[in-house]
Each structure stands twice: as structure tokens, then as C-alpha cells.
Amino acid sequence: MIRVRGIGRRVGLLTALAALLAVGTWLGQAQAQTNNTGGAVLATRAVGGVIIDQSGVIRSASRQDLQELAKTWQQFHRDLPEELRRPSASLAISLKSLDAELARSMREGTPLPEEVCFLGGLTRIDYVLVYPDKQDIIIVGPAEPWRLHEKGYPVGTQTGKPIMLLDDLVVALRAAFQPQRTVISCSIDPTAEGIQRLNAFVRARRGNVDPVAFARALEETIGPQVVTLTGVPESTHFARVLVAADFRMKQISMGAEPAPVPGLPSFVSLVASSGFRPNNMMPRWWLAPDYEPLARDEAGLTWKFQKAAVKTMAEADLYNSQGERVKTEEAAPIYRKWAELMTTRYEELSKADPVFGQVRNCMDLATLGALIAQERLLEKAQLSLPALLGEDVVATAKLTPARHVSPTAVFARIRGGTMFVTGGVQINAWEIVSKQVNRPELAAARASLPVPSGSWFAN
């Protein structure tokens, strides 16, 4: 069991183990406190591949960081309820009952179970079911018990896929119900001032120079890269998943760290083996959803997420003399080649480095939120979700925002020159839910799926 932190009338979703593991993929410093009755404050590093320190600078996690998280897991992890100790092809979660569970914890100041924080071990969303007669919306997908991955993230014991988090679900739902519809995105890019300094430095270059010293000087000249986030609060775990995945993609592409799976060379080694050096040395790679149209029944009460994957896209940046990115151009074939390799290996990569799988989870959750909002499913179900949607009622994890990335992670020496990479993650959930296809056979599928009764989940 995990204590729920009271803040006046607000209740933090994630404390102790939950807070640590929710941000275990990349976070720097996290604090968790028990409820108002006087529990001890737990302050520790929550890590899992990437650390974000108190000044917002991102770096790779150390072995000691990961060991600290493993100790915390051993201290707080508890046995799961009998119903969740075996994998399930179809775990159904009632949003109505989940909302009531949060409200109860807030009202009583009682512990919030670990299985609630981890949504019963859900690893993806397959169906969204609307029940007007029950005044409920139910999400259905595969689930399994979880363990701590060596990178510091809860993953399924059977498949190794990252577990979905209640905190991310809340962030996704609230983002979808904001007055202004926005695309959720993360980008790590140089500053305009850094590009100006870089251009001046290159123009001032005279004669032969040591290539290693020159590359180091370029890194110092361009300075730290800036993190930009849209669509979700920058202090949320959801946002930091995007930042961590972008950071790790840049590390892998530039050869700062090797890919943890075979068949995904760094872009630097790919260029070296090809014998080709692109003219534009500023590639832009970004992760985006690769979803088929959502299947639906005629009444719009049964929805199925069909193919839901992640693809890597490629362009090349062009900057003006003021250091501003003025446009992008079609990427050179070798840029597209690396993007294709990243896409091909993504599923395998998601298990070896769970932050990439968590990005896909966030895409599912963002799509769920956009679907409920656009199709007015709350109105169809005559359902209200005051705890899940009420920011003044339940608080999500508040984490140090990611601000900067060292140029070391985005720079590389390549065939007698230097290059740096930009890009990030982009989730246009509104575009995903706008593409739909009618499937009459969904009625039969709906009848075969579990429906929670007397609990927030059923399998």
C-alpha cells in the first residue's frame, strides 16, 4: 500500500514507491510524504536511465542511482491482489469506479493501493466502451503483474512491456479537456544565440586545426540545448517521459551511448560505413504515433484501437543568420535510413529501454483523452469524473521541469566534419481520433469483454 499525500483538500496521486517508480525512467530528485497524520518524508533519487537535476539539466543515470531505486522498490513493493497475479488478455477498468477510488482516498486520507497507481498492470488500450445504462466508460487491454526493470521502471513480468500509470492517465485526460486543443510535443533544440555563435566561430576558422579540439570548441560555442514542451504541464511525469525518450534517441543516434538492441547502429557509424557525407549536417528526427483509423460501432459506444505503433520521422533543419530555424527540408536518404532502422527496432527497443515503451503508453492515453473529449463520451455515458478531471481535487506528481541538455548528447564528429541533431516527440491525438472506420462486428466483441462490478477492475 502507498500513502496518499494530503495538501489541504488536494491529494497527490503518487507517493513513496509510486512517486519513485512513476518517474523512475528519467527523474532527478523526487520527494514523497505520507498523509497528514504524520508519516516520514521520503526523499531519494528516482531514476531509470536518465536523471534531471534540480536545475533542470538532463544526464544519464549512474549505477548508484539505479541501485538506490532498487532498494526503494524492495522496501515499498507489496504483493498484488490475487486477481492481478496472473496475466490477463483483457483487463477492464471502470473510469467511474476509478474516480470513486481516488475520491475515497482523498476523503478518508487512506492509502492508495499500488495496483491503482499502476492501473492493474495495463500495458496498452485495446477497447473503449461506453455504457449509458451504467453511467460508465470502461477501458480494456492486456495486463500483467509487474517487476522493476534494470532501468528503474515497472514492466510486465511476462512481456517486459512498461506498465501504464494512473498519473499519466490523469494528465492525458486533463490535457484533452483544456479549452484550447493542442498537440502534445517535446523538442530539444539549440538556441538562436547558440547558432549565431556557432556560425561566427566557423567563419573565423583559419588553417588546419585539430579535429578533436575543434569539435570540443564547437560544443562549448553552441552551448546547452533548450527543452520545449507543449500540450501537457512541463512538471508532469508524462512530460518527462517525452523528454527522456528524446534524449535517449539523440544519445543513440549520435553514438553517445550504444543502442541496447542489435541492428540499430548509431547514425555516425551508419555514415562511416556508407562512405557518404550529407550536405546538411543538422538532421531532425522525431517520434510520432503510427495508428490505423479507430474502429467504432454505429452508435459510437464501442471503440477499438487497431494498429498502434511508433514511427521515427526525419527532416533536416535550415537556420538563418540570426540563428532562427526558418524551415525544414527533405531529409537526405541516409537520414531516412536511420529513421527506418529506429522504427523497425522500436518494439524491441521498448523492452530493452522502457522509456520508449512508455512513450507509446502516453500516446495511447492521449488518444483516449482526445476520443472521450471529441466524441463527447462523458455526455453519452451521463458520467462525471470530478477526481480524475479536477485539478483542484487531485494533484498529479509535480517534478522539476527539464530545461537543458548538454551539447555532448546532440553533437558528433562525422567524416571530417561535425553535426548536431534536433527533433523530439510529437503526439497529435486529435488527428488520430479524427480518422475512424465503422465495424459492425464490434458488437460481438463488446459482448465478450469483461465489465467491472463492485470493483474498479475486472478480468
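Values in this text are rule-based calculations from the coordinates and carry no lab data. Predicted model only: the values in this text are computed from it and were never measured. Glycine also receives a Cβ, built like all others from the backbone with ideal geometry; neighbour counts cover every protein chain displayed.
Extending each Cα 7 Å along its Cβ direction at ASP392 and ALA192, get the distance between those two points in nm, one decimal.
Rounded to a tenth, the inter-label distance reads 3.8 nm.
Given the pairs LYS134/LYS307; LYS304/LYS435; LYS134/LYS380; LYS161/LYS307, which span a C-alpha to C-alpha distance of over 19 angstrom in this model?
Check vs 19 Å cut-off fails for LYS134/LYS307.
Could you check the simple spin-label distance between GLN178 and GLU347, using points 7 Å along Cα→Cβ, in nm with one decimal?
3.3
Residues of region 426-459 with backbone nitrogen within less than 15 Å of a virtual label 7 Å along the Cα-to-Cβ line of ALA89, please, listed as ranges.
The answer is 445-450, 459.
Given H placed 1.01 Å from N in the peptide plane, which residues other than close sequence neighbours of VAL232 have an amide H under 5 Å from its amide H?
SER185
For region 68-116, what class follows from the C-alpha gyration tensor (a ≥ b ≥ c being the square roots of its eigenvalues): rounded when a/c is under 1.5, otherwise prolate if a/b is larger than b/c, else oblate?
Cα axes put region 68-116 in the oblate bin.
Once a ≥ b ≥ c are taken as the square roots of the eigenvalues of the Cα gyration tensor of region 376-440, is the result rounded (a/c under 1.5), prolate (a/b larger than b/c) or oblate (a/b not larger than b/c)?
Verdict is oblate for region 376-440.
Report the full-extension gain for the segment LYS435 to ARG203: residue separation times 0.36 nm, less the Cα-Cα distance, to one decimal in nm.
Length gained, LYS435 through ARG203: 78.6 nm.
Check the straight Cα-Cα distances from LYS337 and name the lysines below 20 Å, setting aside those fewer than 8 residues away within the same chain.
Those lysines meeting the cut-off are LYS250, LYS311.
In nm, to one decimal, how far is the modelled label at GLN54 from the one at GLU220, with both set 7 Å along Cα→Cβ?
It is 2.8 nm.
Which shape class, rounded, prolate or oblate, goes with region 163-208 when its Cα gyration tensor gives a ≥ b ≥ c as root eigenvalues, a/c under 1.5 marks rounded, and past that a/b bigger than b/c marks prolate?
On the way: a/c = 7.71, a/b = 3.15, b/c = 2.45.
It is prolate, given that a/c is not under 1.5 and a/b is the larger ratio.
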